[in-house]
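In what follows, a structure is listed as structure tokens, so that the remarks can point back to it.
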Amino acid sequence: MAAKRATRKSNASKEELLKYYREMLLIRRFEEKAGQLYGMGLIGGFCHLYIGQEAVVVGLEACTEEGDKRITTYRDHGHMLACGMDPKGIMAELTGRSGGFSAGKGGSMHMFSAEKHFYGGHGIVGANVPLGAGLAFADKYKGNDRVTFTYFGDGAANQGQVYETYNMAELWMLPVVFVIENNQYAMGTAVKRATKSPSLWERGAAYGIAGEEVDGMDVLAVKAAGQKAIEHCRAGKGPYILEVMTYRYRGHSMSDPAKYRTRDEVQKMREERDAIEQVRKRLLEGDATEDELKAIDKEIKEIVNEAAEFSKESPEPDLAELWTDIYVDGSAPQNA
Amino acid sequence: MATEILMPALSPTMEEGTLAKWLVKEGDTVTSGDILAEIETDKATMEFEAVDEGIVGKILIEEGSEGVKVNTPIAIMVEEGESADNLSASAPAATAEPAPAAEAEAPASAAPAAPKAVVSLEPDYPEGTEMVSTTVREALRDAMAEEMRRDDTVFLMGEEVAQYQGAYKISQGLLDEFGDRRVVDTPITEHGFAGIGVGASWGGLRPIVEFMTFNFAMQAIDHIINSAAKTLYMSGGQMGSPIVFRGPNGAAARVGAQHSQDYAAWYASVPGLYVVQPFSAADAKGLLKTAIRDPNPVVFLENEILYGRAFDVPKLDDFTIPFGKARVWREGDDVTIVSWGIGMNYALEAADELAKEGISAEVIDMRTLRPLDIETVVRSVQKTNRCVTVEEAWPIASMSDHIGSEIMREAFDYLDAPVLKCTGKDVPMPYAANLEKLALTSTKEVIDAVKAVTYR
Ligand SMILES: Cc1ncc(C[n+]2csc(CCOP(=O)(O)OP(=O)(O)O)c2C)c(N)n1
Ligand SMILES: [Mg+2]
């Protein structure tokens, strides 16, 4: 599949490649830091890292315009960074502090940003899919041409509500791009152990939804496919499905004994297909220098360290926060 | 610069672990992603990866060491040309500074030691039975294995139950013993496989449906209630659903609002279901065996925090506990504390504390919520004249409310104080550590409630 898209690679400018390099590296370093902070007990509960999948969200975010929306699962740190949310606020949410995007009340799996049109961060596998279609419903209803990216996993793709949503999304021609991040595993279950469908995107055909498979380790291929999908939606042609073939290097969450795949399989992917390495190589084959890239590495490290510092220094939420945000401020009747 | 490698926390509930094996030795150069060591938690053996590059300067904790606390330095990494020789092994841990506290500390409720005083009015097993220390996790597995050996129609189905050995390792070893005909991995499709389970129960099988947690059973609740609970009635008694829905329920440790709900009252309100919420390993085993044999649908609510707790379990070939029989853990005269499941932690700890102050509490573990052994509670309240209920679920329309109203109906004249409830707070579960602690009930709340009803 990589070969299929090879022709699209050539015409990316150095600026564009540098932008992807920087954005993907930010996600990777951020996630490595989050893993460290988890090990130190500063982050608790579930923490699902995005390492390995960076090209998916960076490539697709490159297609979006102001007002486009995104919604995803618990594996959400990368999506938030890519849509421009402040790393400090994300890391502080991971440590459960008042400076976090949900004031410490949501945690790794549940963050939101009204400003960036990021609608979460959802913990129930499959549940964010109809929610994403609902966002698209609202845009269509209002008559604008905004598009919603609804991200979910290969495991989620077997939930029934996904197909109920497909049916309605096409029936009502909703401007939603369904992005299946096929990282080959749902916890310990390889895709092939969960379905006999040869591909996940093709299931959309049963509902009349167009789609395609994309090489998710190649940020330019992702970008190109995303562009096609978003144009389809903006033109009022209804939903589109992208099955993006990717890979997570780390465990499902922090507590994953990883007995379902070999070390070699992971190592091979990292060494031969890594998305960041691919862009790095392409940059160096062009007229970028090692020094230029080193400077970016350094800059990213600083951003991540600052975020980590902030996440440690930000105070825990005030205890009174336990009782806030249950109902909209000022809306609750006196005796509620 | 030398940096310490600290014993990592590898799961939401891990506090210590075994450093099973070092995969590097002193002097080795490692890069990010290399496996440094294998660490065993109570749930799994996990590989621990290097995050940065460097040289292993010194190994501080020998392999095979058990009970290594999270954040203990286990090795020292150095850079090229640096030596670790002059680094003291007892170097202070580079742990994170504690978070600036928002206000007064919430009462700490660290996991208490396993309760010792076991006074059961009507023991579930003959006196003198040999007891074996068993974790709740093992007890649940043993119960399933024994029933599967006994009855070929019993099978287990759920996400990650077979090859992965269970997301919380409850089904460890079952695939090996029973094969994939009887230990069935499902896709992530709760609504679908719960329905398939109910259908299979009509077809003459006895399914055990594991939900990775009961939070995900909300996807499937239609089949639990509309299909399993109501069909016997709707068919005029022709078609029962002998099925067990089981899995962890309630709060774990900082897993947020969508993963922390306690469903006790929801399911206990449904006629046609039996609902079990055990605390001890013996009860988990005896009641799960009963559940599997029962011809009715049973909702079996476990708790992740309790999985690793060890209790004495009677060594008997066939140990079952009937539904609807509470267990008295501790006899007392001044107040009755009623609880079940993990709430028993607070109840027993509070009773210990209260005893020191001369207040004698009787502690009752309901064990099953439907049917509910209200008689045992009423008998106790007739003696103590006061009652406090304890649970982690939300307060409104709770089991506590139901028990309180039953006591009022059956023992109104005996009450010297209103029945008070200690429950989780009326909020979605927050993630922040300080808020989560506040959102749950606590031993201190139980003690305060007891003092209020005893007017101390
Ligand atoms: C309804 C529901 N069932 C089960 C779970 C537990 N769970 C969390 S993530 C996960 C695997 C999902 O895999 P996939 O959709 O492929 O996404 P990935 O984790 O690979 O990004 C499971 C089973 C859940 N959160 N919600
Ligand atoms: Mg997956």
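The values are calculated or read from the model by the stated rules, or taken from the named source; none is laboratory data. In this text the structure is predicted, and so the values were computed from the model without any measurement. Quick reminder, even Gly has a Cβ in these numbers, built from the backbone with ideal geometry, and neighbours come from all protein chains shown. Surface accessibility is based on the protein's heavy atoms, side chains included, excluding ligands, DNA and RNA. Shrake-Rupley method; radii C 1.70, N 1.55, O 1.52, S 1.80 Å.
Can you name the residue in region A:64-91 that is of a type in the set (D, E, K, R) and in a loop (DSSP other than H, G, I, E, B) and, of all such residues, is surrounded by the fewest Cβ atoms within 10 Å (Cβ to Cβ)? Among them, the one singled out is A:GLU66. Per the conditions (1) farther than 27 Å from B:THR129 by Cβ; (2) surrounded by fewer than 22 Cβ atoms within 10 Å (Cβ to Cβ), the sole criterion not satisfied by B:VAL299 is (2).
Looking only at strands (runs of 3 or more DSSP E) that lie completely in region B:15-74, which have at least 3 residues being surrounded by fewer than 18 Cβ atoms within 10 Å (Cβ to Cβ)? So that I can check it myself, show each step before the final result.
Values: elements: B:16-22, B:35-40, B:45-49, B:54-59, B:65-69.
In region B:15-74, B:16-22, B:35-40, B:65-69 are the strands (runs of 3 or more DSSP E) which contain 3 or more residues that are surrounded by fewer than 18 Cβ atoms within 10 Å (Cβ to Cβ).
Restricting attention to region B:142-156 and to residues that are more than 15 Å from B:ASP294 (Cα to Cα) and open to solvent by less than 10 Å² (accessible area, probe 1.4 Å), the residue that is nearest to ligand 2 (Cβ to nearest atom) turns out to be B:LEU156. Evaluating A:ARG263 against the criteria (1) within 13 Å of chain B (Cβ to nearest Cβ); (2) within 30 Å of B:ALA439 (Cβ to Cβ); (3) open to solvent by 70 Å² or more (accessible area, probe 1.4 Å) leaves one unmet condition, (2).
Contact map, region B:224-245: first residue in the same structural domain as B:ILE170 (by TED's automatic domain parsing) and in a loop (DSSP other than H, G, I, E, B), second residue of a type in the set (Gly, Ala, Ser) and open to solvent by 10 Å² or more (accessible area, probe 1.4 Å), Cβ cut-off under 6 Å, separation 6 or more or different chains; pairs are B:LYS230/B:GLY272. Within this structure, A:ALA55 passes the test of being aliphatic (A, V, I, L, M), within 16 Å of ligand 1 (Cβ to nearest atom) and away from chain B (no Cβ under 12 Å).
Taking region B:433-456 on its own, how many of its residues are among the hydrophobic types (A, V, I, L, M, F, W, C) and within 13 Å of chain A (Cβ to nearest Cβ)? Quick ask: steps written out before the conclusion?
Step one: of region B:433-456, the residues among the hydrophobic types (A, V, I, L, M, F, W, C) are B:433, B:435, B:438-440, B:446-447, B:449-450, B:452-453.
Cutting the leftovers down to within 13 Å of chain A (Cβ to nearest Cβ) gives us B:433, B:435, B:438-440.
So the answer is 5.
Tell me whether region B:181-189 contains one or more residues that are more than 16 Å from ligand 2 (Cβ to nearest atom) and part of a helix (DSSP H, G or I). Let's see the steps before the verdict.
Of all residues in region B:181-189, those more than 16 Å from ligand 2 (Cβ to nearest atom) come to B:181-184.
When the remaining residues are screened for being part of a helix (DSSP H, G or I), the result is none.
So far as region B:181-189 goes, no, none of its residues is more than 16 Å from ligand 2 (Cβ to nearest atom) and part of a helix (DSSP H, G or I).
Looking only at region A:196-234, count every residue that is modelled with pLDDT under 95 and either away from chain B (no Cβ under 14 Å) or in contact with a His (Cβ under 6 Å, 6 or more places away or on another chain) (or both) and tell me the total.
1
Restricting the search to helices (runs of 4 or more DSSP H) fully inside region B:362-456 and requiring at least 3 residues that are surrounded by fewer than 18 Cβ atoms within 10 Å (Cβ to Cβ) gives B:374-384, B:399-411, B:443-453.
For region A:138-195, what are the residues that are more than 13 Å from every other protein chain (Cβ to nearest Cβ), within 12 Å of ligand 1 (Cβ to nearest atom) and part of a loop (DSSP other than H, G, I, E, B)?
Of all residues in region A:138-195, those more than 13 Å from every other protein chain (Cβ to nearest Cβ) come to A:138-151, A:165-184.
Among the residues that remain, those that are also within 12 Å of ligand 1 (Cβ to nearest atom) are: A:151, A:179-184.
Of everything in region A:138-195, those that are more than 13 Å from every other protein chain (Cβ to nearest Cβ), within 12 Å of ligand 1 (Cβ to nearest atom) and part of a loop (DSSP other than H, G, I, E, B) turn out to be A:ASN183, A:GLN184.
Counting the residues of region B:197-223 that are in a helix (DSSP H, G or I) and open to solvent by 10 Å² or more (accessible area, probe 1.4 Å) gives 9.
Using the structure shown, decide if B:GLY341 is in a loop (DSSP other than H, G, I, E, B) and without any contact (Cβ under 8 Å) to a residue 40 or more places away in the chain. Spelling it out, it is not the case that B:GLY341 is in a loop (DSSP other than H, G, I, E, B) and without any contact (Cβ under 8 Å) to a residue 40 or more places away in the chain.
Would you mind stating whether A:GLY121 is within 16 Å of ligand 2 (Cβ to nearest atom) and out of contact with any Leu (no Cβ under 8 Å at 6 or more places or on another chain)? Lay out the reasoning, then the answer.
Numbers: within 16 Å of ligand 2 (Cβ to nearest atom): no; out of contact with any Leu (no Cβ under 8 Å at 6 or more places or on another chain): yes.
Here the answer is no, as A:GLY121 does not meet what is asked.
Scan B:VAL255, B:VAL275 and give me the residue that is at negative phi, in the same structural domain as B:TRP202 (by TED's automatic domain parsing) and in contact with a Leu (Cβ under 7 Å, 6 or more places away or on another chain). Outline the logic, then answer.
Numbers: B:VAL255 fails: in contact with a Leu (Cβ under 7 Å, 6 or more places away or on another chain).
Being at negative phi, in the same structural domain as B:TRP202 (by TED's automatic domain parsing) and in contact with a Leu (Cβ under 7 Å, 6 or more places away or on another chain) holds for just one of B:VAL255, B:VAL275, which is B:VAL275.
All conditions in (1) in a helix (DSSP H, G or I); (2) open to solvent by 10 Å² or more (accessible area, probe 1.4 Å); (3) at pLDDT 95 or above hold for A:ALA6, with the sole exception of (3).
Residues are listed down the side, and each one gets a yes or a no for (1) under 26 Å from the mean Cα position of the chain (by Cα); (2) open to solvent by less than 10 Å² (accessible area, probe 1.4 Å); (3) among the aromatic types (Phe, Trp, Tyr):
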| site | (1), (2), (3) |
| --- | --- |
| B:ALA162 | yes, yes, no |
| B:GLY166 | yes, yes, no |
| B:LYS169 | yes, no, no |
| B:GLY195 | yes, no, no |
| B:ILE225 | yes, no, no |
| B:SER235 | no, no, no |
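Scanning region A:283-297 for residues being within 24 Å of the chain's Cα centre (by Cα) and open to solvent by 30 Å² or more (accessible area, probe 1.4 Å) gives a total of 1.
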